[in-house]
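Below is one structure, written out as structure tokens; the observations come after it.
The values are calculated or read from the model by the stated rules, or taken from the named source; none is laboratory data. The shown structure was predicted, so the numbers you read here are calculated from the model rather than taken from an experiment. Note: ideal-geometry Cβ built from the backbone for every residue, glycine included; neighbour counts use all protein chains shown.
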Amino acid sequence: MRYLSLRRCTLVKNVQSYILTVSSSDLQVTCIFSQDCVLPCHFEPVGDEIIYWYRQSVLIYTYRQGSGLLDQSTHLYTGRISLFNGTINFGNASLHIQKCGQQDKGKYKCLVASGQNKNEHFIIVKVEAPIKSVNMETTCLSGYEEVKCSARNVYPAPRITLYTEPPVLPDGLPPNTRKKADRDGLYAVESKIRKLEDKADLTYICLVQSFYMSQLWRTSLQEKEIYSVEGQDFIIPCVALWDLENFTVTWSFTKEYNTSIIYTYDSITHLSSNVWKEKVRLVSPRGQIGDGSLQIRNPLRLEHAGIYTCVLSALQTKHEVRTTVNIVARTAKTQPKSSPQWIPPALISCLVLAVIIAGIVIVKRKVCKPRSTQTYGEVTDIHPMRDSQISLRCNVTNANSGEPSESTCLSEGMANRNT
């Protein structure tokens with residue numbers, strides 16, 4: 001018998017590291033915070049059964065079939081627990097708990113006694129206020145820009161993780177996480193991380209996991225800035241970080257603090273709503289694998305420059321992309337670096353390298369060219385003198401040294417004419 005009891009029991013360890021002994025036949029029930037919950041218990045009716053309900057070995061309810069006698073042994077459940085009287089004769093001893101709270105979690109035992117026969121049923125009760133939504137936003141409440149991820153009205157307190165891709169630590173600051181319970185015991189959790197001005201292409205990712213690990217919510221945020229030319233089609237990217245089979249896409253446009261929805265799409269029904277008509281379309285016809293990228297056709301500088309927000313939503317998953325679109329006039333001579341019309345960076349690098357090499361060659365030629373060692377005679381051989389130059393040379397020479405003679409000069413002049 002001892003061997004069988006050890007074999008029959010297992011250890012279950014939760015996140016808070018306390019241990020419950022759970023039988024393989026134990027039933028686990030999750031009750032929703034502030035809602036009614038039913039703990040099932042069924043037996044073979046005879047007619048004289050006495051039904052006992054225990055919580056953590058404390059008797060909380062007694063009912064004697066036939067006499068209708070009942071007793072609630074603790075004020076904690078006064079007016080909140082009951083049996084289904086109309087079904088007890090059919091073997092239903094299930095316990096009905098109204099407005100469940102954190103005080104109701106634990107291990108329950110249903111004992112049905114009839115004469116010498118006893119039947120026991122064990123139920124492990126968890127109480128949870130599930131995660132209904134996760135919000136991610138940018139704030140400036142601390143004097144600088146932060147990305148905040150939060151969830152409210154959750155029980156027990158969930159685990160929240162906020163990080164960036166690619167990672168910015170140790171350059172960036174670690175997230176600041178807080179958890180706070182209200183009067184009803186429901187938790188509000190939030191995590192904030194400071195934005196870095198020189199890190200414009202970061203993706204902020206937030207994971208919120210329930211205490212019992214039955215839920216995992218994922219949300220992410222990207223902020224981008226692109227440039228385009230008036231009248232030229234361009235694409236605003238919006239691709240989810242995770243593969244999404246069933247999702248919705250919602251595009252909104254903000255200009256001068258006025259926001260309006262311009263496009264929606266449902267991947268299940270393939271239905272869409274397009275307020276801007278022929279001006280916009282999805283790049284992927286059916287939004288495959290969570291691709292909600294949008295093409296803007298023939299944009300106008302004054303009408304279509306602004307902030308475009310794309311939200312991809314699926315079960316417990318949301319991806320948001322906020323893109324600031326700048327549209328410059330077609331006649332502009334220079335375009336910002338982010339403009340699609342600029343020369344690709346690789347080509348610019350090649351041109352700069354070619355200019356540098358050409359400059360080095362020119363400088364090298366100037367530096368390496370030897371100084372002239374040619375004699376005056378060699379120069380005159382290459383560039384023959386004119387008659388006036390010869391005459392001047394002769395006159396100067398005769399005046400100074402008497403040499404060369406006049407005849408020599410005349411013969412030299414004649415030779416140059418012949419050549």
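Consider segment 114-143 and keep the residues that are touching a strand residue (DSSP E or B) at 6+ places or on another chain (Cβ under 6 Å) and outside any strand (DSSP E or B). The one that is farthest from Ser313 (Cα to Cα) is Ile131.
Elements of the type strands (runs of 3 or more DSSP E) sitting completely within segment 26-82 and holding at least 3 residues that are modelled with pLDDT under 90: these cover 69-71.
Taking (1) closer than 25 Å to Gln222 by Cβ; (2) surrounded by 17 or more Cβ atoms within 10 Å (Cβ to Cβ); (3) basic (Lys, Arg) in turn, Lys132 satisfies each apart from (2).
Here's the yes/no breakdown for (1) at pLDDT below 95; (2) assigned by TED's automatic domain parsing to the domain that holds Cys37; (3) hydroxyl-bearing (Ser, Thr, Tyr); (4) exposed (fewer than 13 other Cβ atoms within 10 Å of the Cβ):
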{"residue": "Gly115", "(1), (2), (3), (4)": "yes, yes, no, yes"}
{"residue": "Ile123", "(1), (2), (3), (4)": "no, yes, no, no"}
{"residue": "Thr138", "(1), (2), (3), (4)": "yes, no, yes, no"}
{"residue": "Gly143", "(1), (2), (3), (4)": "yes, no, no, yes"}
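Here segment 93-113 is the region considered, the condition is being buried (at least 17 other Cβ atoms within 10 Å of the Cβ) and within 18 Å of Gly66 (Cβ to Cβ), and the residue that is nearest to the chain's Cα centre (by Cα) is Ala93.
Checked against (1) hydrophobic (A, V, I, L, M, F, W, C); (2) more than 19 Å from Lys318 (Cα to Cα); (3) assigned by TED's automatic domain parsing to the domain that holds Cys140, Leu207 meets all criteria but (2). Every test in (1) in a strand (DSSP E or B); (2) modelled with pLDDT under 90 is passed by Ile160 save one, and that test is (2). When we screen Ser220, Ser228, Ser214 for residues that are touching a residue at least 40 places away in the same chain (Cβ under 8 Å), among the hydroxyl-bearing types (Ser, Thr, Tyr) and assigned to a loop (DSSP other than H, G, I, E, B), the only hit is Ser214. Annotation: of all residues in segment 239-264 being in contact with a Leu (Cβ under 7 Å, 6 or more places away or on another chain) and not hydroxyl-bearing (Ser, Thr, Tyr), the one that is farthest from Pro299 (Cα to Cα) is Leu244.
Just one of (1) within 21 Å of the chain's Cα centre (by Cα); (2) surrounded by 14 or more Cβ atoms within 10 Å (Cβ to Cβ) fails for Asn246. It is (2).
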